[in-house]
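Have a look at the structure below, then the notes.
The values are calculated or read from the model by the stated rules, or taken from the named source; none is laboratory data. Just so we're clear, the structure is a prediction, and the values are computed from it rather than from any experiment. With ideal geometry, Cβ positions are generated from the backbone for all residues, glycine too; neighbour counts draw on all protein chains shown.
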Amino acid sequence: MERKVVVGLEDYLQLLSSKGFQFGEDAIGFIYFGKQYTNASDELARTALELTLKAQKSFDGSFYISLLELLMSNQITSRNEAIKFIKEQNILV
């Protein structure tokens, strides 16, 4: 059985940076603000960030916050649930 590696939000941002995604301090602050504002877990914040980058091709703070709010208001708690929900809502194809 494969072991699931859980990566914190900070580690995920460092991973993205190592892959060429550059975030300014304002964007990083906004990512953490959105996580706190919505009371989202690291997993949900990482997923919302990942989906934002896939949908927008860059970081879009308002899209990220809206996505986090949508996930939280629909009691989405995991990455798999979030991806399933986003596909069902046709937010991302």
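For the reader, a short list of remarks on this structure follows.
- Those residues of region 35-62 which are crowded, with 18+ Cβ neighbours inside 10 Å and among the polar types (S, T, N, Q), in sequence order: Thr38, Thr47, Thr52
- Hey, Tyr32 surrounded by 15 or more Cβ atoms within 10 Å (Cβ to Cβ) and of a type in the set (Ser, Thr, Tyr) or not: no
- Any chance Leu71 is surrounded by 14 or more Cβ atoms within 10 Å (Cβ to Cβ) and at pLDDT 95 or above: yes
- Candidate set: region 6-40, residues that are small (Gly, Ala, Ser) and over 15 Å from Tyr64 (Cα atoms); chosen: the one nearest to the chain's Cα centre (by Cα): Gly8
- Qualifying positions in region 37-85 - among the β-branched types (Val, Ile, Thr), touching a helix residue (DSSP H, G or I) at 6+ places or on another chain (Cβ under 6 Å), touching a residue at least 24 places away in the same chain (Cβ under 8 Å) and part of a helix (DSSP H, G or I): Thr38, Thr47, Ile65
- Residue that is farthest from Phe23 (Cα to Cα), among those in region 41-57 that are of a type in the set (A, V, I, L, M, F, W, C) and under 8 Å from the mean Cα position of the chain (by Cα): Leu44
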